[in-house]
Amino acid sequence: MILDNAEKLRNVYMDWIKEDLEFQNLDENYVSISTPFIDNDYDNINLYASFVNKNIVKVSDFGFTLYNLTELGINLTPKFKTGWHIFKEILDDFGISNDKGTLCVQTPIENFPMAKTRLLQAVMRVNDIFYLSKHNVVSSFNDIIAEFFNKNNILYTPSFEIPNPFGASSHFDFAIPNRKDGERVVKTVSRPNDINQAKIFNFDVHATSRSRNAKFILLVNNTKEKKLNGSLVATAMNELSDTTASVLGFKEVQENNTELINA
């Protein structure tokens, strides 16, 4: 049974990373990596890898993330205080550099899968700034959640990673100790219809749940929606039990919080 479970996890992982993931040589120096995730223009997000030397790989977005935001009217500079704060917070959380408008990370070749995943998640979070700006949000969704926890005296750990069995790590936004029912591990979604983040949540829970005694929560920013997006919930919970994971709307948590507590 243990071997069967291990093989199942491996198959889930391999299916996830293979899905529409295409590697193509652009020239002698660069490899294009097409991912199944989409940006604000509904185009696939592409990353680019190059060898700094035989042991070090640089992965970048070629500057497209910030360029596309600029085309949408979002200029991430210190003058745009809210957006700049959120942008810097994302880079710090995922260990990503901003090299003259190009989002990038350098890594030993053996850590390439982890670095690629970190950059991809950072790119998707930066893309979310367009949604936040469009709705005149003055704080990031994570800042709003942290403020809610502080106001209600809920102890938590922000922004951390859990190693998974595949030599990489899964990023989560909050961990909440619970003396009675076990730890709550939370990943947040600032866009209520973000299938990208639902897919990543599903993969991360499959990859880490057997090594972490916790319940995993996808916390969705649904404050302007009547109900949770059914496709998002189905994607996030694919082949997961209700005891392992759940999807919560932040609007409902604010009204009656019974899950994200320490008791």
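Below is a table of values for the structure above.
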read-out: Rg/Rh for the chain, where both radii come from Cα atoms and Rh is the Kirkwood radius; value: 0.96
read-out: Packing-based ranking, highest mean first, of 48-56, 83-91, 182-190 given that Cβ atoms within 10 Å are counted; value: 182-190, 83-91, 48-56
read-out: Antiparallel DSSP beta bridges within the chain, percent to nearest 5; value: 70 percent
read-out: Dimensionless Rg/Rh of the range 141-255 - Kirkwood Rh, Rg from C-alpha atoms; value: 0.94
read-out: Separation of the SER32 and ASN256 label points, Cα + 7 Å toward Cβ, nm; value: 5.1 nm
read-out: Gain in span if fully extended, LYS180 to LYS81, counting 0.36 nm per residue against the direct Cα distance; value: 31.6 nm
read-out: Residue order, fewest to most beta carbons within 10 Å, for LYS116, LYS180; value: LYS180, LYS116
read-out: Exposure proxy ranking, count of Cβ atoms within 10 Å, fewest first, for PHE94, PHE149; value: PHE149, PHE94
read-out: Fully extended contour minus Cα-Cα distance, from PHE112 to GLU89, at 0.36 nm per residue; value: 6.0 nm
read-out: Lysine pairs in the range 141-255 with Cα atoms under 14 Å, if 8 or more residues apart or on separate chains; value: 6
read-out: Within straight-line cross-link reach of LYS79, lysines at Cα separation under 24 Å, skipping those fewer than 8 residues along the same chain; value: LYS88, LYS100, LYS134
read-out: Overall dimensions of the range 142-197 as given by Cα atoms, namely Rg and Dmax in Å; value: 12.9, 38
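We did not get these values from a lab; they are worked out from the coordinates using the rules stated. Note that the coordinates shown come from a computational prediction; the quantities given were computed from them, not determined experimentally. Here the Cβ is made from the backbone with ideal geometry for all residues, glycine too, and neighbour counts use every protein chain on show.
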